[in-house]
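K.L.:
Below is a structure I'd like to ask you about.
The values are calculated or read from the model by the stated rules, or taken from the named source; none is laboratory data. Owing to the predicted nature of the structure, the values given are computational and were not obtained by experimental measurement. With ideal geometry, Cβ positions are generated from the backbone for all residues, glycine too; neighbour counts draw on all protein chains shown. To get the accessible areas, we keep the full protein, side chains included, count just its heavy atoms, and leave off ligands, DNA and RNA. Shrake-Rupley method; radii C 1.70, N 1.55, O 1.52, S 1.80 Å.
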Amino acid sequence: MSQQAVNGVSCRGKVLTVENMNPNVKRVEYAVRGPIVQRAVQIEKELREGVKKPFTEVIKANIGDAQAMGQRPITFFRQVLALCSYPELLEDNKFPEDAKKRARRILDACGGHSIGAYSASQGIECIRQDVARYIERRDGGVPSNPDNIFLSTGASDAIVTILKLLVCGEGRDRTGVMISIPQYPLYSAALADLAAVQINYYLDEDNCWSLNVAELKRALNEAKQHCKPRVLCIINPGNPTGQVQSRQCIEDVIRFAKEEHLFLMADEVYQDNVYAEGCKFHSFKKVLFEMGPEYSSTVEMASFHSTSKCYMGECGFRGGYMEVINMDPEVKAQLTKLVSVRLCPPVPGQALLDLVVNPLQPDEPSYTSFAKERTAVLAALAEKARLTEEIFNTVPGITCNPVQGAMYTFPRITLPQKAIDKAKAEGKVPDMFYCMKLLEEEGICLVPGSGFGQKDGTFHFRMTILPPTEKLKVVLQKIRDFHLRFTN
């Protein structure tokens, strides 16, 4: 750009350009909202403008956004949030007394009795106490200290904050973080942003995406050549793979973390989403404490939960928490400082979290309708998990593991060589090429497996099981027809 003088000041082009911006940010990729989704948004716009397509709507099965897919919010939660947002409604007799009681308790804990006020940086104290009690109940009496609870903007915010504390060093001493492949792209994106070293360990697809300690050891030993492995991340129930880890597996992982002196990060946001016969959610903390003081007093860990998934599906409120265990007190002081820079997590999200961890009891008037709604959501998800596996496995060239938990399926697709060559000629990854064609021809938006990581030479896509049952049947049928057409 020529240096012209304007009012005697020379113009030298932009201060911030793609060449001189933070290079770590350019390395960040987030497939869940990547190019496929951007194209889906464009297609929706074209449909509104009257452009003729072979379909009338785009079905976004790319993201675990329950309410965008038509799941109804839990009535009691929204009643309390309405009362908290507009306290004049406390005088309205349309609202049940138990909802008013909850709203008053939350408002009393807020500055100026308003959820529009900042809270303490770690979160409202009585809500942290409720979270600690919830964890104790969940884990059969294992104690939980409210001082170890940090409320957060969804689980994502807490995960990134912990990674920030852990990443340091240069060159071969740079922190290495072990993540499962396939993984949820928040992890790879955060590691790119922090310039940490990503250490991939592969889940065993042939064994229902299970986790194998021998594979953890392989990944760790290879990584030691070029970084310092310090962190092991686990997602249970799994995203994008939907597996639920056995108790034995969790014990093995904890032993491994202790032996190798690793910090454990347990992402447990799908803990209420377990569907398969014989599967049960075991929290890492509970197993850690049942293994005795040798482990429970030494293994450093952070575990995460959120209001976005399970039966709540309240993604937009950005409510969540983490619990830290065996964290060095001086580091914990640094963590408190770090969260205080952001002032506080969203207070409406904290209020919602309180209702999740402190659910209605059978003696409360709204309990029956609450329990009915919760059961209906979870039963529908279990049915959709079964349906998805069943229908995909009837399609030649699609193999689908049981969806044991969470809200996704990650089927393997066999692509013809011609399609692989065509994709490469267009400069696309083959499963991205496949998903883009599916979007253009059927109006279904999925995320290619390459966005989550997969073994070389295998192709997958991630699909959420959240659409209403009748719509899900249509989606599965359309994918089936498309796959047969595409492979022919």
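K.L.:
Return yes or no: is Tyr408 touching a residue at least 60 places away in the same chain (Cβ under 8 Å) and of a type in the set (Ser, Thr, Tyr)?
P.N.:
In short, yes.
K.L.:
Kindly evaluate Cys249 against the criterion of being under 26 Å from Tyr408 (Cα atoms) and either in a helix (DSSP H, G or I) or of a type in the set (Lys, Arg) (or both). Full working, then the answer.
P.N.:
Numbers: under 26 Å from Tyr408 (Cα atoms): yes; either in a helix (DSSP H, G or I) or of a type in the set (Lys, Arg) (or both): yes.
Judged against the criteria, Cys249 is a match.
K.L.:
Hey, another quick one. Report whether or not Ala371 is more than 15 Å from Arg102 (Cβ to Cβ), open to solvent by less than 30 Å² (accessible area, probe 1.4 Å) and without any contact (Cβ under 8 Å) to a residue 60 or more places away in the chain. It would help to see each step written out before you state the result.
P.N.:
On the way: more than 15 Å from Arg102 (Cβ to Cβ): yes; open to solvent by less than 30 Å² (accessible area, probe 1.4 Å): yes; without any contact (Cβ under 8 Å) to a residue 60 or more places away in the chain: yes.
It is true that Ala371 is more than 15 Å from Arg102 (Cβ to Cβ), open to solvent by less than 30 Å² (accessible area, probe 1.4 Å) and without any contact (Cβ under 8 Å) to a residue 60 or more places away in the chain.
K.L.:
Further, regarding this structure: Taking the residues in segment 343-374 that are assigned to a loop (DSSP other than H, G, I, E, B) and farther than 21 Å from Glu136 by Cβ as candidates, determine which candidate is farthest from the chain's Cα centre (by Cα).
P.N.:
Just the residues of segment 343-374 that are assigned to a loop (DSSP other than H, G, I, E, B), to begin with: 343-346, 358-366.
Still in the list and also farther than 21 Å from Glu136 by Cβ: 343-346, 365-366.
Values: Leu343: 23, Cys344: 21, Pro345: 17, Pro346: 18, Pro365: 33, Ser366: 30 Å.
This residue is Pro365.
K.L.:
Another question, if that's okay. Under 8 Å between Cβ atoms, which residue pairs at least 6 apart in sequence (or on different chains) link something in segment 41-60 that is basic (Lys, Arg) with a partner that is open to solvent by 50 Å² or more (accessible area, probe 1.4 Å)?
P.N.:
Taking only residues 6 or more apart or on different chains, the pairs are Lys60/Ala68.
K.L.:
Would it be correct to say that Glu389 is within 19 Å of Gln243 (Cβ to Cβ), modelled with pLDDT of 90 or more and not β-branched (Val, Ile, Thr)?
P.N.:
Values: within 19 Å of Gln243 (Cβ to Cβ): yes; modelled with pLDDT of 90 or more: yes; not β-branched (Val, Ile, Thr): yes.
Against the criterion (within 19 Å of Gln243 (Cβ to Cβ), modelled with pLDDT of 90 or more and not β-branched (Val, Ile, Thr)), Glu389 qualifies.
K.L.:
Further question on the same structure: Select, from Ile234, Ile254, the only residue that is in a strand (DSSP E or B) and in contact with a helix residue (DSSP H, G or I) (Cβ under 8 Å, 6 or more places away or on another chain).
P.N.:
Values: Ile254 fails: in a strand (DSSP E or B).
Being in a strand (DSSP E or B) and in contact with a helix residue (DSSP H, G or I) (Cβ under 8 Å, 6 or more places away or on another chain) holds for just one of Ile234, Ile254, which is Ile234.
K.L.:
Looking at (1) modelled with pLDDT of 85 or more; (2) in contact with a helix residue (DSSP H, G or I) (Cβ under 7 Å, 6 or more places away or on another chain), which is the one condition that is false for Ile181?
P.N.:
For Ile181, the exception is condition (2).
K.L.:
Could you please find all residues in segment 206-231 being touching a residue at least 40 places away in the same chain (Cβ under 8 Å), in contact with a strand residue (DSSP E or B) (Cβ under 7 Å, 6 or more places away or on another chain), within 26 Å of Tyr408 (Cα to Cα) and part of a helix (DSSP H, G or I)?
P.N.:
Leu216, Ala219
K.L.:
Here's a follow-up. Select, from Phe263, Phe281, Phe289, the only residue that is of a type in the set (Phe, Trp, Tyr) and open to solvent by less than 30 Å² (accessible area, probe 1.4 Å). Steps first, answer last, please.
P.N.:
Values: Phe281 fails: open to solvent by less than 30 Å² (accessible area, probe 1.4 Å); Phe289 fails: open to solvent by less than 30 Å² (accessible area, probe 1.4 Å).
None of the other options fit; the residue is Phe263.
K.L.:
Residue pairs, Cβ under 8 Å, 6 or more apart or interchain, first in segment 92-103 and under 14 Å from Ala351 (Cβ atoms), second open to solvent by 40 Å² or more (accessible area, probe 1.4 Å) and part of a helix (DSSP H, G or I). List them.
P.N.:
What qualifies is Ala99/Gln79; Ala103/Pro87.
K.L.:
Also: Output the residues belonging to segment 312-330 that are touching a residue at least 12 places away in the same chain (Cβ under 8 Å) and assigned to a helix (DSSP H, G or I).
P.N.:
Cys315, Gly316, Phe317
K.L.:
Evaluate segment 90-108: report whether one residue or more is farther than 17 Å from Gly319 by Cα and of a type in the set (Phe, Trp, Tyr).
P.N.:
Within segment 90-108, one or more residues are farther than 17 Å from Gly319 by Cα and of a type in the set (Phe, Trp, Tyr).
K.L.:
Of the numbered conditions (1) assigned by the TED database to the domain that holds Met265; (2) surrounded by fewer than 18 Cβ atoms within 10 Å (Cβ to Cβ), Pro348 satisfies every one except a single condition; which is it?
P.N.:
Of the numbered conditions (1) assigned by the TED database to the domain that holds Met265; (2) surrounded by fewer than 18 Cβ atoms within 10 Å (Cβ to Cβ), the odd one out for Pro348 is (2).
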